[in-house]
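> First the structure, then my questions, so here it is.
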Amino acid sequence: SVEVIREYAFLRTALTEFKLGAALRAVGAGAFATGVGFYNQGRILRSIKVDKGNSIFYVYQNALMKKLPDGTSAVVVYFGKNDIVALPDGVSEICCHAFVNSTVQEIQIPSTVTSIGDKAFAGCTQLTRLRIGLAAPENGVSSAVIYFPKGRNEQNSYIRGQYMDCIRINSSDTVFDF
């Protein structure tokens with residue numbers, strides 16, 4: 001049974017469904033970036049199922065999640081078609097390429113997130129809002145919202161790309177680099 005799926009293992013493939021076994025222990029960055037560049041279809045992954053005997057990985061609302069040693073979870077890959085995705089409290093990490101080329105328009109990120117991987121939102125041309133939960137609400141405000149320019153013209157694409165390149169969060173520096 002497969003224990004490790006390496007980085008970019010299924011990049012640019014036409015696979016739409018995965019069944020992950022009980023023995024799976026690790027998934028590399030971008031492993032499920034299916035269809036990216038495949039006939040210009042964007043991400044075509046539509047289903048992941050995890051064996052009930054797997055103690056590390058599980059599916060939560062169209063996202064493959066990984067249980068971390070500290071009791072929190074990481075979003076490995078989102079494979080749904082929802083316009084708005086609300087990550088649950090207890091998620092501490094959004095992995096590299098987790099939302100790459102998805103059609104999501106808004107992602108609600110809880111204050112428990114301390115790490116966002118490289119290119120987590122790359123190619124998300126429909127993404128217009130990241131709603132970031134604040135650990136210590138101030139003046140009744142419990143989240144900050146980052147808006148991205150809409151439209152597909154060249155200038156907006158450049159600006160969106162610049163925003164996406166600046167989104168970096170890690171445990172020692174939780175400031176967006178704008």
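> Out of the total accessible area of the range 1-151 (probe 1.4 Å, heavy atoms of protein only), what percent is carbon and sulfur?
Carbon plus sulfur share of accessible area: 50 percent.
> Cα-based Rg of the range 16-128 per 2.2 N^0.38 Å, rounded to two decimals?
1.00
> Over the Cα atoms of the range 78-117, Rg to Rh with Kirkwood Rh, two decimal places?
0.94
> Sort all Cα-Cα distances of the range 67-145 into consecutive 5 angstrom bins from zero, then give the percent of pairs in each bin up to the one containing the longest distance.
Bin by bin from 0 Å, the calculated values are 4, 16, 24, 27, 17, 9, 3, 0.
> Within the range 1-141, how many lysine pairs that are 8 or more places apart, or on different chains, have C-alpha atoms less than 14 Å apart?
Summing the qualifying lysine pairs gives 5.
The values are calculated or read from the model by the stated rules, or taken from the named source; none is laboratory data. Just so we're clear, the structure is a prediction, and the values are computed from it rather than from any experiment. Remember, those area values only see protein heavy atoms, side chains included, never the ligands or the DNA or RNA. Shrake-Rupley method; radii C 1.70, N 1.55, O 1.52, S 1.80 Å.
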